[in-house]
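The values are calculated or read from the model by the stated rules, or taken from the named source; none is laboratory data. Being a predicted model, the structure only gives us computed values, none of them experimental. Positions of Cβ are backbone-derived with ideal geometry, glycine not excepted, and every protein chain shown enters the neighbour counts.
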Amino acid sequence: MVQSHNNLFRIQDLRRSYAHEFCGDGPRVVVCHALLRCKCHIVAGFDKLALRKALSATSEKAKLSSASQSLTVQSCIYSITVGVGITEISHRSADANAILANAKSGLCQLLDIPESTGPEGYEILFLQGGGSGEFSAVVYNLISVWVGEQVKALGVDGSSAEGLQQLQRHVQQELKMDYLVTGSWSLKASQEAARLAGAQHVNIVTDSRKHRDGKFGVIAESSTWTPTLGSHKPAFTYYCDNETVDGVEFRSSPDGHNLVADMSSNFLSRPVDVRKHAVIFGGAQKNIGTTGITIAIVSNRLLPPHASLASPELLREVMQRLLAKHLASAGARIAGQHAESNYKAFLLYSALDKSSVYHVVPDKSVRSRMNICFRVKGGDESAEKEFLKGAESLGLTGLKGHRSVGGIRASSYNAVPIMAVEKLVLYLEDFASRST
Ligand SMILES: Cc1ncc(COP(=O)(O)O)c(C=O)c1O
């Protein structure tokens with residue numbers, strides 16, 4: 001497969017139709033194209049190995065983007081200018097606090113997070129434990145908030161044996177956690193809640209498998225959902241904004257009391273109505289930075305007054321701070337990143353829809369912009385092997401679908417440049433033309 005002029009022209013056509021379909025307003029497209037130029041420029045600044053890495057675009061974990069690679073260098077420069085290694089300074093020092101404050105303010109700008117210290121504000125926590133750690137943290141913390149509210153509402157004396165019994169009975173009868181199960185990760189989160197608190201306290205508001213032959217790939221109409229009703233609200237309502245394994249993404253955030261969102265795989269890829277949420281969390285490794293940091297944005301309403309909670313690893317902080325700065329300084333911000341994510345998804349889905357060789361797994365209405373899941377020749381094992389082998393020979397690696405579902409998955413996280421997606425599109429077209 002080579003990048004012929006014809007192919008290049010076809011991509012230009014796609015860009016034009018994309019501009020019509022997704023980005024009616026000119027400036028967004030301009031931002032998107034400016035970003036493309038900026039990214040090409042960054043890529044061009046690296047050696048051949050870096051270029052090859054940038055082109056092998058579609059790994060499941062976001063490889064360090066050209067931006068993040070340069071951030072590593074900048075982190076070292078930071079160490080040199082400060083005079084000590086970034087991991088050598090005290091995590092309670094003024095320097096460390098300044099780094100944290102910068103990281104937080106970058107995120108606040110990007111996601112329009114209210115910075116107030118009052119109940120309308122949010123705390124940003126940098127935590128260890130990965131996205132999965134938050135499955136448990138959400139349960140522990142939000143149940144304790146709920147119980148505290150019940151103590152007040154019932155007026156029970158929590159220090160007397162009688163009061164405790166009354167409270168226990170109440171919790172047994174009334175505690176519910178609402179889960180929207182729309183894919184493998186929200187399923188796992190609901191199972192963790194059942195393990196920690198008891199299955200009787202987990203209310204499955206919707207289970208997408210019931211609406212599609214036992215498999216994930218749709219989000220049922222909200223009119224079919226069964227949220228906890230009645231005088232006692234659920235402790236929280238949980239959903240996963242982008243299901244990484246199944247390629248399913250919410251078009252907009254659902255409604256629910258104390259809304260909790262797992263945004264591990266679509267963080268910073270579009271604007272989010274933070275104010276609608278009690279908690280938003282996500283592992284940083286896909287869309288923001290590297291493994292080892294989980295970001296939690298938590299409403300002040302839910303937090304006790306505290307001093308400094310976290311002592312994260314500073315190198316990663318610096319990288320994330322600089323990545324936030326990079327997004328901002330590229331003029332991209334969230335609107336630009338949103339446009340770019342939409343554009344990349346548009347390129348891939350257009351190529352897939354054009355050929356009967358491919359079949360996109362999730363329903364059109366919920367297709368993820370981040371994880372594009374599809375089958376080759378109806379899931380024929382040897383055809384999919386051949387597809388993967390051909391892709392790898394071109395440096396297009398990491399396209400194998402999650403082991404639990406098989407097939408092909410192209411992950412188009414924030415760090416994946418448009419030119420890498422274009423390279424995959426050319427391969428999709430080439431493979432299809434050879435297969436029909
Ligand atoms: C949507 C989502 N949630 C949670 C997780 C689990 O994150 P971690 O591996 O950091 O525990 C993942 C990991 O891929 C994910 O994609």
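Let me confirm something: among 415, 391, which residue is over 14 Å from residue 374 (Cα atoms), touching a residue at least 24 places away in the same chain (Cβ under 8 Å) and part of a helix (DSSP H, G or I)?
It is 391.
Report, by residue number, each residue of the stretch 175-204 that is more than 16 Å from the ligand (Cβ to nearest atom) and either among the basic types (Lys, Arg) or more than 32 Å from the chain's Cα centre (by Cα) (or both). Correct list: 176 only.
Residues in the stretch 363-375 that are out of contact with any Lys or Arg (no Cβ under 9 Å at 6 or more places or on another chain) and either surrounded by 13 or more Cβ atoms within 10 Å (Cβ to Cβ) or assigned to a strand (DSSP E or B) (or both): 3 in all. Only one entry in 269, 264 is crowded, with 24+ Cβ neighbours inside 10 Å, modelled with pLDDT of 95 or more, hydroxyl-bearing (Ser, Thr, Tyr) and in a loop (DSSP other than H, G, I, E, B), namely 264. Only a single criterion out of (1) touching a Leu at 6+ places or on another chain (Cβ under 6 Å); (2) of a type in the set (Gly, Ala, Ser); (3) surrounded by fewer than 24 Cβ atoms within 10 Å (Cβ to Cβ) is not satisfied by residue 230, namely (1).
In the set (1) at pLDDT 95 or above; (2) farther than 28 Å from residue 303 by Cα; (3) of a type outside the set (A, V, I, L, M), the condition left unmet by residue 241 is number (2). Got at least one residue in the stretch 281-302 being away from the ligand (no atom under 15 Å from the Cβ) and at pLDDT below 60? The answer is no, given that none of the residues of the stretch 281-302 is away from the ligand (no atom under 15 Å from the Cβ) and at pLDDT below 60.
For residue 192, the criteria (1) of a type in the set (Asp, Glu); (2) in contact with a strand residue (DSSP E or B) (Cβ under 6 Å, 6 or more places away or on another chain); (3) farther than 25 Å from residue 360 by Cα hold in every case but one, which is (2).
If you scan the stretch 95-151, which residues turn out to be away from the ligand (no atom under 16 Å from the Cβ), outside any helix (DSSP H, G or I) and crowded, with 19+ Cβ neighbours inside 10 Å? Selection gives 113, 122, 124.
If you take the residues of the stretch 205-224 that are more than 16 Å from the ligand (Cβ to nearest atom) and either in a strand (DSSP E or B) or among the hydroxyl-bearing types (Ser, Thr, Tyr) (or both), which of them is nearest to residue 407 (Cα to Cα)? Result: 207. Taking the criterion of being farther than 28 Å from residue 238 by Cα and part of a helix (DSSP H, G or I), the residues of the stretch 152-163 that qualify are 161, 162, 163.
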